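Trainee: Below: one structure in structure tokens.
The values are calculated or read from the model by the stated rules, or taken from the named source; none is laboratory data. Given the structure is predicted, the values throughout are model-derived calculations rather than measurements. When we count neighbours, we look across all protein chains shown, and the Cβ atoms used for this are built from the backbone with ideal geometry, even at glycine.
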Amino acid sequence: MDLTGTGSCVLACDSKDDVEGWSAGGYDSSDKTACGAALASLSTMLADCTKICARVRVLVSSAKSASRMKLSAAVTFSYWIFSELAVVLSVFR
């Protein structure tokens, strides 16, 4: 079993036999404790990452919506200005 990571914890077991060996008593208690702690840590980090990603998705979606509304308002204003300009020009012809 190898526990490594820089800024995050990565759990890598040598083989599938590692897990099966535990049930047969092939590993001592400290190995099981270390792996359990690593899995608990990974589980917590995964939950945190999931929450953060959900919040980021909502914020990005909101920003895109605001940007689209602003662009739509600008286009509508531009069309209105051009139509008003056309009316004014037709009056003064």
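Trainee: Would you check if A40 is in a helix (DSSP H, G or I), at pLDDT below 85 and not polar (S, T, N, Q)?
Mentor: The answer is yes for A40.
Trainee: So, one more: Is it fair to say G26 is under 25 Å from the mean Cα position of the chain (by Cα), modelled with pLDDT under 80, surrounded by 10 or more Cβ atoms within 10 Å (Cβ to Cβ) and not aliphatic (A, V, I, L, M)?
Mentor: no
Trainee: Surrounded by 10 or more Cβ atoms within 10 Å (Cβ to Cβ), hydroxyl-bearing (S, T, Y), under 16 Å from the mean Cα position of the chain (by Cα) and at pLDDT 85 or above: which single residue out of S67, S61 fits that description?
Mentor: Among S67, S61, only S61 is surrounded by 10 or more Cβ atoms within 10 Å (Cβ to Cβ), hydroxyl-bearing (S, T, Y), under 16 Å from the mean Cα position of the chain (by Cα) and at pLDDT 85 or above.
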